[in-house]
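Take a look at the structure set out below.
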Amino acid sequence: MSNTPDRVPLKARKVSFSWDDTPLHWVPGDPFSTHTINVLHLLLPAGERWFVHVYKQVLPYIRDEQLREDVLGFIGQEAMHSQAHDEVLPHLREQGLDPTPYTAQVDWFFEKLLGDRTLPPGRARRWWLMERVALIAAIEHYTAFLGDWVLNAEELDRRGADPTMLDLLRWHGAEEVEHRSVAFDLFMHVDGSYRRRVRTWAAAFTALVFLWQRGARFFMENDPTLIDGRATFKDFYVRGRHGTLPATGEMLKSIPRYLSRAYHPSHEGSTEQAVAYLASSPAALAAETAEKSAKGAA
Ligand SMILES: [Fe+2]
Ligand SMILES: [Fe+2]
């Protein structure tokens, strides 16, 4: 259940960011790292909206009050993440990168392929709901992995990465670490089949790799400042070694961890570090101040 020792009550922080001063290549001199991370702004708005859509349907199946509370907190956080990444897209368009052709494909993927199918009530409908709950647990293994990575990606600071973009990524990453057990606990509560866990991991991993490399290629090819911009696996591997992107070896090592029968997300990342970041994040602090003054005015 969700009674992991470092459980924290989950709350959505109503952050907002101003992108006026963020340059196109916000990791200075490194369009490939910039655009590989930028893919998050394309995948997450549709992906996290889909999480919320699926979880609203699973609420009636939850028989544990604490888990229900966690799932509601999770829904609030993911809705905010989706919105915050969506708000980066107009800024990308202003800089000559219109992601519409790519986001149209991502929307189709989440809304049609993974959307509600016209299934009769009963077993078939429940099967498809459980399949999606398991898919979300697998994806959340990676959002927690990436959240932990970005909280510790000091190389981005050393390279002078844009502080606003880093705060967006770290606020989001910290909340991913903070709520990393919810999706898995929910899956174990409503289903927990090991075969389903393996099957949906394979589907989620394949889809993430496919969508991510397509997104990175899309940005590199459409970046108006690059002549013959490309995205290759070698570029990814090298950046991973330098620390401006996650290391390939670390990503591979995370696979057997998720597939282990002893897996629990609480063994990944550090809640303490996530909470400490959220206590110092400029966007999270501004959201807290705004919330307090709104309460005071009420
Ligand atoms: Fe998220
Ligand atoms: Fe998440």
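So the values come out like this:
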quantity	calculated
Separation of alpha-carbon centers, the stretch 82-142 and the stretch 218-240, rounded to whole Å	24
Compactness of the stretch 83-201 as Cα Rg over 2.2 N^0.38 Å, two decimals	1.31
Label-point separation, residue 158 to residue 64 (7 Å along Cα→Cβ), nm	4.1
Dipole moment magnitude, nearest 20 debye, the stretch 100-143 about Cα centre, only Lys, Arg, Asp, Glu C-beta charged	280
Helix-only CD estimate at 222 nm, as mean residue ellipticity for the chain, using -39500 (n - 2.57) per DSSP H run (n ≥ 4)	-22000 deg cm²/dmol
Hz values of 3J(HN,Hα) by residue in the stretch 12-18 - Karplus curve (6.51, -1.76, 1.60), Gly and Pro given as x	7, 9, 7, 7, 8, 10, 10
Calculated SAXS-style log₁₀ I(q)/I(0) at q = 0.12, 0.15, 0.16, 0.19 Å⁻¹ - the stretch 48-105, Debye, Cα scatterers	-0.42, -0.57, -0.61, -0.73
For the stretch 199-298, size of Cβ-based charge dipole, Lys and Arg +1, Asp and Glu -1, in debye	380
5 Å-binned pair-distance histogram of the chain (Cα, whole percent)	1, 5, 11, 16, 19, 18, 14, 9, 5, 2, 0, 0
Gap separating the Cα centres of the stretch 164-200 and the stretch 11-59, nearest whole Å	16
Around residue 235: net Lys/Arg minus Asp/Glu count, Cβ-Cβ under 12 Å	+4
Cα gyration tensor shape of the stretch 1-134, rounded if a/c is under 1.5, else prolate or oblate by comparing a/b with b/c	oblate
Size of charge dipole - the chain - debye, nearest 20, with Cβ of Lys, Arg +1 and Asp, Glu -1, no other charges	1360
Pairwise label distance in nanometres, residue 289 with residue 125, each label 7 Å out on the Cα-Cβ vector	4.9
Positive minus negative residues near residue 117 (Lys, Arg vs Asp, Glu; Cβ under 14 Å)	+2
Proximal charge balance of residue 20 [Cβ under 15 Å; K/R count +1, D/E count -1]	-4
Inverse mean reciprocal Cα-Cα distance (Kirkwood Rh) of the stretch 73-129, Å	13.9
log₁₀ of I(q)/I(0) at q = 0.13, 0.14, 0.27 Å⁻¹ - the stretch 1-79, Debye sum with one point per alpha carbon	-0.61, -0.67, -1.26
Which of 33, 80, 16, positive extreme of dipole for the stretch 1-105 (C-beta unit charges)	80
Residue among 227, 245, 124 farthest towards the positive dipole end of the chain, charges placed on Cβ	124
Fewest-first sequence of 271, 232 by Cβ atoms within 10 Å of each Cβ	232, 271
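Coordinate-derived values only; no laboratory data. Worth saying up front: this structure is predicted, and the values here are computed from it rather than measured. Backbone-built Cβ (ideal geometry, glycine too); neighbour counts: all protein chains shown.
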